[in-house]
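Structure first, then comments.
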Amino acid sequence: MDSTLNLILGGLGGVVLGGLALLGIMKTMGRGIVSQAKTDAQRIADQARLEAQTHAKQIELEAQKAAIAAREQADRDAESQRRELRALDDRLAKREETLDRKLDTLTVKERNIDDLERRISKRDVVLTGKEKELEDTLSEQKAKLLTVAGMTQDQAVKNLMAQLEEECKKEAGDTILRVTEHAQDEAKEKSRQIILQAIQKYASSQTADHTVSTVQIPTDDMKGRVIGREGRNIRAFEKSTGVDVIIDDTPGVVVVSCFDPVRREIARISLERLTQDGRIHPARIEEVVEATTKEMEENLLKIGKEAAAEANFANLPKGVIPMLGRLGFRTSYGQNVLRHSMEVAYLSQTIAEELGLDGMIARRAGLLHDIGKAMDHEQEGGHPQLGKAFLQKFGEREEVLNAAEGHHGDVPPTTPYTVIIMAADAISASRPGARRESLEKYVKRLQDLEALAMEFDGVRQAYAIQAGREVRVIVDAQKVDDKVGAKIARDIAKKIEEKMTYPGEIKVTLIRETRAVEYAR
């Protein structure tokens, strides 16, 4: 144990000795390292100092360069400003010179203006004196003129104004007259061309067939059977058809008379069927007339539909179509009214399109303008008024209603289509062969119409115009005043109704006018 302790102590002593030796070595090495470090630090410091001095010199050089550059730039800027100042001085000098010249010019002009004002002032004084002298002279002249004329100044002014007004009115009247005549000439020429084009574009047969009102009888014995025992057959026939049957000595003919063309046609067809069948008695008559009436209604509807289709109107009201069919059995002086309406429809469309209006409206108004003739045998009133009232029930437009009522001039036209219908109606009625009235009879009727109007006291002239549909009466204004003129027109209309037979209506237009005529020599 002692040996172990010795060993330990010996080891510890060795360790201590080794540590002391190591410590001495480390101190020696540390002194070398510190010495080396000091040497390196001194070297680094010297090098840094040298670099700092070099960098400072570089900075100083760059600062000197920048200062030199700034000084040069400043010198350049100063030189530029000096040049600008010199240029500005030059411009100011030139402007000052210009202003001096202008000032001199203004000074001269001011002197001239002053001289001109002095001259004007002198002239103004002279003119004022002359004006006063002129006013005095004019006053003296006016006084002398008024003294000579024997009028006051106001009276003279009124007379002068009246003369000027009269001269202006005359010149205005001459101008209006020239313009009016020129416009009328152009309007007549234009209307003539339009009407000729309308007539050329439409062509139809000269006359339509007249409704037949006679029945051919196979034998004269059949007349007795038509009459029947004690006239019972003919009475039953007339009662069922509403017509008058005339049986005279004319061989093989029985005449059927009635103001209604449709009823007359029903009676004619019924009588033909009865005479062909041979069985004629009241019961058979009623049976045949009833069957014929139904067929006639269907035929009227068929004719109306054909007319509407021909006129290209598929939207006509159902109540209007049979009335068109009735027009197919109505004639006016031998002219079939339905064909006449078709003519007016086509002519109206052509005229309206030439004038830039709606051709379809004109065509519809032309087709329906005489629709009142289908019912004027059964109702009171003229066909224009009846036609308008009938079409109003179906909501027709104003253009069609006014054309139906006003195409004979009964009411003033409210649309241009009415005037077109009037023109087309006159063209269709007056074209050659349209109506069967003989020339002699036509002329005689117009002569009678004029002669009848001339019978009244105060009438100077009378003219039958519009194919006898109007008589224009001119009265003496010295003998007839307005009230008497109205009475004369009414009396002429009544006398025409009493003594003359004519289709439709005749318009009596009485004209009373005064004229003042003077001659300049």
* To do: Filter segment 216-232 down to the residues that are modelled with pLDDT under 80 and in a loop (DSSP other than H, G, I, E, B), then identify the one that is nearest to the chain's Cα centre (by Cα).
  => 217
* Check off (1) closer than 20 Å to residue 328 by Cα; (2) open to solvent by 30 Å² or more (accessible area, probe 1.4 Å) for residue 260 and give me the number that stays unchecked. => (2)
* **Hits in segment 357-398 - residues which are free of Cβ contacts under 8 Å to residues at least 40 places away in the same chain, surrounded by 21 or more Cβ atoms within 10 Å (Cβ to Cβ) and either small (Gly, Ala, Ser) or in contact with a Ser or Thr (Cβ under 7 Å, 6 or more places away or on another chain) (or both)** => 372, 387
* Asked: Is one or more of the residues making up segment 312-322 at positive phi, touching a helix residue (DSSP H, G or I) at 6+ places or on another chain (Cβ under 9 Å) and not hydroxyl-bearing (Ser, Thr, Tyr)?
  -> yes
* Filter segment 295-353 down to residues that are open to solvent by 20 Å² or more (accessible area, probe 1.4 Å), free of Cβ contacts under 8 Å to residues at least 60 places away in the same chain and over 30 Å from residue 270 (Cβ atoms), then give me how many there are. => 5
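Listed here are the residues, each with its yes/no results for (1) buried (at least 21 other Cβ atoms within 10 Å of the Cβ); (2) of a type in the set (A, V, I, L, M); (3) under 52 Å from the mean Cα position of the chain (by Cα).
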| position | (1), (2), (3) |
| --- | --- |
| 237 | yes, no, no |
| 243 | yes, yes, no |
| 246 | no, yes, no |
| 268 | yes, no, no |
| 273 | no, no, no |
| 278 | no, no, no |
| 284 | no, no, no |
| 289 | yes, yes, no |
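The values are calculated or read from the model by the stated rules, or taken from the named source; none is laboratory data. Just so we're clear, the structure is a prediction, and the values are computed from it rather than from any experiment. Reconstructed Cβ throughout: ideal geometry from the backbone, glycine too, with neighbour counts over all protein chains shown. All accessible areas refer to the heavy atoms of the entire protein, side chains included, with ligands and DNA or RNA removed. Shrake-Rupley method; radii C 1.70, N 1.55, O 1.52, S 1.80 Å.
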